[in-house]
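Chemist: Let me begin by handing over the structure; questions about it come next.
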Ligand code: DGL
């Protein structure tokens, strides 16, 4: 029950030594559940602890410093409670803060990035749509990735304004959402795209909606399975795989909001019926300012 203990004074070096400690998975909100789904499928015996920062989602509409601040605070919170590795299951947080967080945390860290490379390998028409948050699309990390593959492939990059908010409300099929999504996908289809990169971990939950608009004209690139494999490699490299191979564990869920949408989405889309604990994770940018009249 390592995770139950609020051991904020536990040094990180001691926390990583326990192979039965949980893997922390974090997202601005519910999107990282698509990564958790893939991690569970690949590593069913690993204890998992998922934190959704839903009170402050979407990060895609936040400034860079805010994203670095929240990602660092949540990473430190998870480490202080014994996490042995951390998956930053958020493209936006990875794009803006992974280098900074890597310097601060003494545990293996796995980030996520839009599947530009697999899409460039898959596309026959050489036209690829990329749907991601505005912050991810304008990040240096993403632009560098794009430059590497853009010489013989055209990428149509579309910020998915409104899509994260829809998933956070558990809306994956309303007429308003379908219209919003169609407005993003149609120009890609008109330009001859045959491949779509889901560059935000919330978007795999819109998979069915995307298919009902685009049929089989777009092959969808979602990197969650690759992320799970990367986690598996990291755990093996650091000797952190759990030895308790009989246990089939229910992940622990935490939210900075009330957690109701998270409970619903975990139940309806992942088939996991679990309680979501409310947590307060203070950080420099979210602490109330004191001494100001
Ligand atoms: N799931 C996050 C991502 O992959 C969403 C970011 C947001 O909150 O805007 O980028």
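We did not get these values from a lab; they are worked out from the coordinates using the rules stated. As the structure is a computational prediction, the values presented were derived from the model and not from experiment. Cβ: placed from backbone, ideal geometry, glycine included. Neighbour counts: every protein chain shown.
Chemist: Would you mind checking the tilt of helix 175-190 against the longest principal axis of the Cα atoms of the chain, expressed as 0 to 90 degrees and rounded to 10?
Modeler: 60
Chemist: For the chain, report the convex hull volume of the alpha-carbon atoms normalised per residue, in Å³, without decimals.
Modeler: For the chain, the hull spanned by Cα atoms encloses 141 Å³ per residue.
Chemist: Something else about it: Note the per residue figure in Å³ for the convex hull of the C-alpha positions in segment 15-161.
Modeler: Here the figure is 112 Å³ per residue.
Chemist: Which angle from 0 to 90°, rounded to the nearest 10, does the C-alpha axis of helix 32-42 make with the longest principal axis of the chain?
Modeler: Helix 32-42 and the main axis of the chain meet at about 80 degrees.
Chemist: What distance in nm lies between label points placed 7 Å from Cα along the C-beta direction at residue 217 and residue 99?
Modeler: 3.9
Chemist: So between residue 182 and residue 161, what do we pick up on full extension, going 0.36 nm a residue minus the alpha carbon distance?
Modeler: Roughly 6.3 nm would be gained on extension.
Chemist: Going by alpha carbons, how many degrees (0 to 90, nearest 10) lie between the helix axis of 91-104 and the longest principal axis of the chain?
Modeler: Once rounded, the angle reads 30 degrees.
Chemist: On the first, second and third principal axes, largest extent first, how far apart are the outermost C-alpha atoms of segment 107-204 in Å?
Modeler: In descending order, the Cα extents are 44, 37, 20 Å.
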